[in-house]
1. Computed FRET efficiency, Cβ-Cβ of residue 197 and residue 245, R0 45 Å: what is it to the nearest 0.05?
2. Which length gain, in nm to one decimal place, applies between residue 184 and residue 222 when the Cα-Cα distance is subtracted from 0.36 nm times their residue separation?
3. Going 7 Å from the Cα of residue 158 toward and past its Cβ, which residues in the range 99-140 have a backbone nitrogen under 16 Å from where you end up?
4. Can you give the calculated 222 nm mean residue ellipticity of the chain, where each DSSP H run of n ≥ 4 adds -39,500 (n - 2.57) and the sum is split over every residue, rounded to the nearest 500 deg cm²/dmol?
5. With no solvent and one point on each alpha carbon, what is the Debye value of log10 I(q)/I(0) for the chain at q = 0.10, 0.15 Å⁻¹?
6. Note down the nm distance, to one decimal, between modelled labels 7 Å out along Cα→Cβ at residue 127 and at residue 104.
7. Mind checking the angle between helix 381-391 and the chain's longest principal axis? C-alpha axes, 0 to 90 degrees, to the nearest 10.
8. Considering every Cα-Cα pair within the range 175-240, what fraction, in whole percent, is farther apart than 19 Å?
């Protein structure tokens, strides 16, 4: 993958790839969750630990932030009258477009979906009968349109059950495409974080899969402040960078929900901000850029997505404190206790982190936007970190092992 400079991004001839043997992709998680291995990079040295040891790297006053989104049963299998198997993968809601409104709708919703074996499905209405609380429910699905390889499908049912109840009963947990096995019963628990509570993701925020309830108690007992954001993870998280130049890659859009108290916790923190997972990183850094845009471009509605190149085009320096205070001021003006907006930001080497000081994350696919984010955070050390992980039998990707990353040089502008 050849990457060239975009504004101040220095990516000329960057080689953000590595060889990942298929056998190093974890098919199942560690048991128990906190027994996964953990690579610790402190900015210069690499140490091999177990994830349970994470609490020893956290100090009183640190702010540990999670993504509390819960994975929905986004894969649904239908059969045509001919017996042909049609697999539907729900990607994002269309009508209603708001995730929570859609999941709480009755009788009819529309979603953008991938469709497996689509060539076998012409114009007929697919249907399947399921049971909820002993009641038979006929679920029907109709094709409404198609753009590229994404279909807009309409789901209909005749009872007053909500759509989230329908898919919980008819759907299957959507394991990533690189996990080469069928879904098993244990995945319904193992592919959810123990703190997941807001339905909406079609892929798990996988760094959080290592946390057990016991480890969370251990961390809480150290007087670490624990807080949450919500970013519903879309299938775009698996989209590789296929273009020759990074400028040609279209970053996917994801919706973020942040409580006012969370922003206050960041502003009033006594220790470091530690983000669990790349989705949490993306959420918190996007809050900063929302504040910057409110300061510099107040004519742009807060509901407009944060563009993927905004961090690389703004010339003025706005401190983290001032940006977050501007978001709080906006929330006061709107008389709301939380803010929801969407982001498309792409974090690549050359990005100036404004909120995050440490990251807990997994080991990511070659030539992925997630690997770009890691390289942006630790610089060229990403390759030695990944080479060490490969040489020391770490397990990769969603059900794999974890790492705790610290930036090599503290960014003095984060004030």
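1. 0.70
2. Gain on stretching residue 184 to residue 222: 10.1 nm.
3. So the set is 107-108, 126-132, 135-140.
4. -6500 deg cm²/dmol
5. The Cα Debye sum returns log10 ratios of -0.71, -1.51.
6. About 3.0 nm, to one decimal.
7. Helix 381-391 sits roughly 60 degrees off the main axis of the chain.
8. Percentage above 19 Å: 42.
FYI, it's all coordinate maths here, none of it is from the lab. What you see is a predicted model, and the numbers here were worked out from it, not measured in a lab. Cβ coordinates were reconstructed from backbone atoms using ideal geometry, including for glycine residues, and neighbour counts include every protein chain displayed.
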